[in-house]
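K.L.:
Got a structure for you, questions after.
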Amino acid sequence: TLIGLIGITLAFFSLGFFHPSFQYENQVEVQASVEDSYRIFTDESLAHEWLYGYKGYEILKGKPLIPGSRFLMKFDESGSSYEFIEELVAVKENEKFIFDMETDFFNGKVEVYFEGDNTTTTIKAFTTVEAHNLFYKSMFYILKNGMSERAQTQYVDLKELIERQRLIVND
């Protein structure tokens, strides 16, 4: 039994050792213009409608939509509060929104790109996660599919929000 437990423990930690970081991609097709899609994506007053548990942000440095700006992002899910620091790396209106994340458990980078025309937009997001220690590296590697699926669900919610908002504006 002891040898089995040691083997399982070593196998678990080897995941983090051999996979210190991981990446995943999400994509949605939106029936709205790139301009509408980007505007709604960056509208903080609508973020709670597609980011689960979003409660708001606090500006630590800079201003919204300005590269180099830092924000304390606040979330509350099922009674558990958590925060992370977001630093905008690159922003180009109607094209890209790239930011770094700093949490107690991992650092990440999220790159969101907008492509399309006046009727359809493709939103592509590329996320990279690197945990702080071997335990978290192993744990997050096991959870990466769930993290990707959760992000995809949020982007689908964003898609639906954009399409709803487009209909409201056009009516």
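The values are calculated or read from the model by the stated rules, or taken from the named source; none is laboratory data. Keep in mind that what you see is a predicted model, and the values were worked out from it rather than measured. Neighbour counts are summed over all protein chains in view; Cβ atoms, including those assigned to glycine, are modelled from backbone coordinates with ideal geometry. These accessible areas exclude ligands, DNA and RNA; they are computed on the full protein's heavy atoms, side chains included. Shrake-Rupley method; radii C 1.70, N 1.55, O 1.52, S 1.80 Å.
Every residue, every condition in (1) modelled with pLDDT under 95; (2) open to solvent by less than 70 Å² (accessible area, probe 1.4 Å), yes or no:
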residue: Phe12; (1), (2): yes, yes
residue: Pro20; (1), (2): yes, yes
residue: Gln23; (1), (2): yes, no
residue: Val28; (1), (2): no, yes
residue: Val34; (1), (2): no, yes
residue: Thr42; (1), (2): no, yes
residue: Pro64; (1), (2): yes, yes
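K.L.:
Under 6 Å by Cβ, and 6 or more places apart or on different chains, what pairs join a residue from the stretch 91-108 that is open to solvent by 90 Å² or more (accessible area, probe 1.4 Å) with one that is in a loop (DSSP other than H, G, I, E, B)?
P.N.:
Note: no pairs meet the criteria.
K.L.:
Could you list, in sequence order, the residues of the stretch 117-153 that are open to solvent by 60 Å² or more (accessible area, probe 1.4 Å), outside any helix (DSSP H, G or I) and out of contact with any Phe, Trp or Tyr (no Cβ under 7 Å at 6 or more places or on another chain)?
P.N.:
Asp117, Asn118, Thr119, Phe126, Asn133
K.L.:
Of Leu88, Leu72, which residue is part of a strand (DSSP E or B) and under 14 Å from the mean Cα position of the chain (by Cα)?
P.N.:
None of the other options fit; the residue is Leu88.
K.L.:
Which of the following residues is open to solvent by 80 Å² or more (accessible area, probe 1.4 Å) and part of a strand (DSSP E or B): Tyr113, Tyr82?
P.N.:
Within the list Tyr113, Tyr82, the selection yields Tyr82.
K.L.:
Which residue, of Tyr24, Tyr52, is touching a strand residue (DSSP E or B) at 6+ places or on another chain (Cβ under 7 Å), assigned to a loop (DSSP other than H, G, I, E, B), in contact (Cβ under 8 Å) with a residue 60 or more places away in the chain and within 30 Å of Phe135 (Cβ to Cβ)?
P.N.:
Exactly one of Tyr24, Tyr52 is touching a strand residue (DSSP E or B) at 6+ places or on another chain (Cβ under 7 Å), assigned to a loop (DSSP other than H, G, I, E, B), in contact (Cβ under 8 Å) with a residue 60 or more places away in the chain and within 30 Å of Phe135 (Cβ to Cβ), namely Tyr52.
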